[in-house]
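No value in this document is a laboratory result; all are computed from the given coordinates. Computed from a predicted model, the values in this text were never measured in an experiment. Using ideal geometry, Cβ is built from the backbone for each residue, glycine included, and neighbour counts are taken over all protein chains shown.
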Amino acid sequence: MTIRVAVIVNGTEYARDVEPRLLLIHFIRDELGLTGSHWGCDTSNCGSCVVWLDAKPVKSCTLLAAMADGHAVRTVEGLEQDGRLDPVQQGFIECHGLQCGFCTPGMMMTARWLLDHHPDPDEAQIREAISGQVCRCTGYENIVRSIRWAAEHPRSGGAGERAGDTA
Amino acid sequence: MQVPSHVEYERATSVEHALSLLSRPETRVLAGGHSLIPMMKLRLAQPEVLVDINGLAELAFIALDGDQLRIGALARHADLLSSAVAGECFPIFHDAEREVADPIVRLWGTVGGSLCQADPSEDLSAVFAAVRATAVIRGGDGERTVPVREFHLGPYETAIRPGELLAEIRVPVRPGTGSAYQKVARRAGDWPVAAAGAVLRLTPARGVRRGPRGVRRGGQPPRAGGSGGVVPPETTPPVIESAGIGLTAVGAEHFVAAEAEDFLVGRVADHESFAAAGAIAAEHCHPAADQRGPEDFKRHLVVELTARALRRAAARVIP
């Protein structure tokens, strides 16, 4: 048995007939071919699968695709706007916020959400925000720095112009 | 790769619609799904039908209604954590919600789902037991209420019958109350090794008598009003009118430390009473040794966390 799941992902409408048991992360990766979101621990612990459902980040390994029907999804592919990287993405470049890169999409989606609600977070707030996400390279220091960089370089100026501003 | 087994999916559009969908056998309510879906992946739960209630905005509220705080079953953990009115009435909710899972999970996991999961290590069960909340359950025959202290029948087992739905939790709000929750976990977002929640209602002490040290028996502080020397009122701590103590992850029956609560009623609210209550709570719970620690360590935590929660609750009492 399949059901129709229609979602708007990063502004584009998609509809697929899928099994009700299909998890959102597999829907995004396997049905829609958007492989930026990573499928990690499968137990809602690691956070590499974090995407936004409507305005809130969610661990997409712990949501059925069916639950997203009729809703908007934002993935890491939707962070850049008009060809410009989001400040969070630029921050990860500037501050070496990734090593192997597996946790990075989830970290960045959570970071964007944090900054949308707390534009000037201190280190403790950043660490709390990403406390449900695991970097197996243990590169947390640089992840925190990357998010701080993004806080100090908000979107208004345009990320493209800011590239190389600071290290 | 972990995937749930085959299941049908239905989306409820109203409470009545949800109840009609739940009348089918082998049906489970799907709210935040952050316990149910992992359990389905592991085949610990294998419902044939899921009824998604996430669209039921009528169950997603937190409001002060007269002398009751009403929390809809679909309120998210993050909603309770950010609710000013809940935090003012019961700081214990904010203490506990800061410790539930992680910020992302808290955006989706629901208060009602936590109670219905009835996991022995789940924080809110002890919290709602401590505050003596009442569960409001809707079914085909209407509404019924169950005290949270009678809601949990055992691990993963509640008073909710097939075809029923937890609609809201009501908490009596009374002046002179303070509350707190103390938890020890091994790392951020982990289940507790042990945790304790406390709610105290105090009455200002006037002319309360305290026994001199010489007449105390068994190291326990005397009950207020007992025989003994009179301590000047300005140095006398207030008296405990009622106490609620919830324990998490340590095998306390219904998540409650009933003997410690009984001990405290009528006693002066001082550190000595709280320490004694912690010892009684530890004596009457049944922690199991597991990967989070041996039994004696967990009992030690119950002693200390109960006393700390009581101290903090007393300090937060607003007359």
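Observations, loosely collected:
- Angle in degrees between helix B:295-315 and the longest Cα principal axis of chain B, rounded to the nearest 10: 70
- Exercise: per-residue mean of other protein chain Cβ atoms within 10 Å, B:97-104: 5
- Shape call, chain A: gyration tensor on alpha carbons, a/c limit 1.5: prolate
- Highest GNM mean-square fluctuation among B:ALA269, B:ALA188, B:ALA307, for chain B modelled with Cα contacts below 10 Å: B:ALA188.
- Rounded tilt (10° steps) of B:271-284 against the dominant C-alpha axis of chain B: 50
- For B:VAL3, net neighbour charge (Lys/Arg +1, Asp/Glu -1) across residues whose Cβ lies under 12 Å away: 0
- Other protein chain Cβ atoms within 10 Å, averaged over every residue that makes up B:185-196: 1
- Charge dipole of chain B (Cα centre as origin; +1 on each Lys and Arg Cβ, -1 on each Asp and Glu Cβ, all else neutral): 1200 debye, rounded to the nearest 20.
- From least to most packed, judged by other beta carbons within 10 angstrom and beginning with the fewest, B:ILE245, A:ILE126 follow the order A:ILE126, B:ILE245.
- Annotation: average projected area of chain B is 17.2 square nanometres, based on the convex hull of Cα atoms across all directions.
- Cβ-defined net charge surrounding B:ARG138, 10 Å radius [Lys, Arg +1; Asp, Glu -1]: -4
- Charge-dipole axis of the range B:1-150 as Lys and Arg at +1 and Asp and Glu at -1 on Cβ define it, positive-most pick from B:PRO47, B:LEU74, B:LEU124: B:PRO47
- Once C-alpha pairs closer than 8 Å and six or more residues apart are averaged by separation and normalised to the residue number of chain A, the relative contact order reads 23 percent.
- Peptides B:247-260, A:107-120 ordered by average Cβ neighbours within 10 Å, highest first: B:247-260, A:107-120
- Among B:CYS89, A:CYS49, the ranking by other beta carbons within 10 Å of each residue's beta carbon, starting with the fewest, stands as B:CYS89, A:CYS49.
- The protein assembly as shown: C-alpha gyration tensor shape, a/c 1.5 cut-off, then a/b vs b/c: prolate
- Longest site-free stretch - chain B; sites: trypsin sites (Lys or Arg not before Pro), DSSP loop, at most 12 other Cβ within 10 Å: B:44-185
- Shown for A:ILE147, B:ILE318, A:ILE8: other C-beta atoms within 10 Å of each C-beta, ranked fewest to most, produce the order B:ILE318, A:ILE8, A:ILE147.
- Formal net charge of residues neighbouring B:MET40 (Cβ-Cβ distance under 11 Å; K, R +1; D, E -1): +4
- Inter-chain Cβ neighbour count for B:8-15, averaged per residue, equals 3 (cutoff 10 Å, partner chain atoms only).
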